[in-house]
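Working notes, beginning with the structure itself.
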Amino acid sequence: MTYLVIIAFVAILGSLTAALYFMLRGGSSQTAKSRNMARALGTRVGVSIFLFLCILLAWKLGYIHPTGIPEGH
């Protein structure tokens, strides 16, 4: 699970970096720049949702356990 989270965070940062690159340098036309930037940001959203669902599934299957303030205190 740790490796999955690390890989997902690297993918999220990579897609944010790609979106920044396309925003600053992008391409010759404005539509190509916007399309590439939107695709990179859409990838980031998709990876973030996938990571969230994987964390929920791991919790449901018992692979990870919440820690923190005990109930009733």
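For the chain, what is the accessible area per residue in Å², given a 1.4 Å probe and the full set of protein chains?
81
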Problem set entry | Cβ-Cβ FRET estimate between Cys54 and Arg25, R0 fixed at 25 Å, reported to 0.05 | 0.15
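For the chain, what is the mean residue ellipticity at 222 nm derived from helices alone (per DSSP H run of n ≥ 4: -39500 (n - 2.57); sum divided by total residues; nearest 500 deg cm²/dmol)?
The helix-only estimate for the chain comes to -27000 deg cm²/dmol at 222 nm.
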For this session: Once you have the Cα-Cα distance between His65 and Thr2, take 0.36 nm times their residue separation minus that, and quote the gain in nm to one decimal.
Result: 21.3 nm
For this session: Taking Cα Rg over 2.2 N^0.38 Å as the quantity of interest, determine which of [x] 2.72; [y] 1.36; [z] 1.55 was computed from the displayed structure.
Result: [z]
Exercise. Tell me, what % of the accessible area of the chain is carbon and sulfur with a 1.4 angstrom probe?
Worked result: 70
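The values are calculated or read from the model by the stated rules, or taken from the named source; none is laboratory data. Being a predicted model, the structure only gives us computed values, none of them experimental. FYI the Cβ positions are ideal-geometry reconstructions off the backbone, even for glycines, and counts take in every protein chain you see. Heads up: the accessible areas ignore ligands, DNA and RNA and are worked out on the full protein's heavy atoms, side chains in. Shrake-Rupley method; radii C 1.70, N 1.55, O 1.52, S 1.80 Å.
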